Each structure stands twice: as C-alpha cells, then as structure tokens.
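The values are calculated or read from the model by the stated rules, or taken from the named source; none is laboratory data. It should be emphasised that the depicted structure is a prediction, and the values quoted were computed from it without experimental measurement. FYI the Cβ positions are ideal-geometry reconstructions off the backbone, even for glycines, and counts take in every protein chain you see. The accessibility values were calculated without ligands, DNA or RNA, using every heavy atom of the protein model including side chains. Shrake-Rupley method; radii C 1.70, N 1.55, O 1.52, S 1.80 Å.
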Amino acid sequence: MSATDPHRPPPPLEPEQIFFSPRGRIARRTWWLYGVGAMLGIGVLLTALLRIAGMAPDPAAAVVTLVLLWPSLAISIKRWHDRDKSAWWVLVGLIPVIGGLWLLIENGLMRGTRGPNRYGDDPLARRAR
C-alpha cells in the first residue's frame, strides 16, 4: 500500500527504474523478465553489434560486461529487497559454485516478503488490485 493513500497501490515501476535504480522491490516475474531475459538479450545483441563493428571477442565481452554491470546490480538489489535482505546479499554471487545456485534459488524461486517491508510495498500487491 502507498504511504500517501492506504487504499491505492503504488504504480508499477517503469523500465528505467527497474534497470537503473537500486531502490524498491521487484517480484520474481520481473526479475526473470528483466534480470535474466532482458540482460541476456541485450548482452547478445550488444556483443553481436560490437563484433560486426570489428571488435575482438575479449574486448567486446569486457565492454558488454561493463555496460550491463549497473543494471544487473540494480535489478538484483531490488530482488534482494523483496526478500527483505540488504543489498550486500548480491555479494553471495561471488562464492564459487554455491553463490550462483544460492542467487538462483533465492531470487528466482522464492517468494518475496508478503506485504510491505523496510524496502517498500509488496510488488505483488500492485497486481492483486
């Protein structure tokens, strides 16, 4: 529920908020669509364009990684917020093997906190109305 009007849910996040702002919460569906699907698609497209432009594979991969770093972090932070966990939890991904699996399970398979938490309103409450 919105802090200004308890009977009116907050508006859904715009794509620029999803990609660039670390504030707020996103549901699993949004994480899969933007954090996995869109990041994968943008990465493949950008890599292809850089390769067509004549860039070698390693520098192209480095450019794509740098371009997608902040949007990936912003999306992941919002998903951790939905689980009522600090942004520092993104560092779990740095643990070899287990980190990636942990991220997948927590962000991709587990439901977020029901109702508002310290990071904002429940993103699923927006759709329920």
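Observations on the structure shown:
- If you take all other residues with their beta carbon under 13 Å from the beta carbon of Gly108, and give Lys and Arg +1 and Asp and Glu -1, the sum is +3.
- For segment 1-122: relative contact order, % (alpha-carbon pairs under 8 angstrom, 6 or more apart): 34
- Helix 39-52 and the long axis of the chain differ in direction by around 20°, with both axes built from C-alpha atoms.
- Fraction of accessible area attributable to carbon and sulfur, the chain (%, probe 1.4 Å): 69
- Ala48-Leu91 pseudo-label distance in nm [points 7 Å out on the Cα-to-Cβ vector]: 3.8
- With respect to the chain, whose longest principal axis is taken over its alpha-carbon atoms, helix 57-82 is tilted by about 10°.
- One entry in (i) 55, 30, 19; (ii) 53, 28, 26; (iii) 53, 37, 24 is Cα extents along the principal axes in Å calculated from the shown coordinates; its label is (i).
- Other residues lying with their Cβ under 15 Å from the Cβ of Trp89 contribute a combined charge of +3, Lys and Arg counting +1, Asp and Glu -1.
- Ile105 accessible area, assembled protein chains, probe 1.4 Å, Å²: 70
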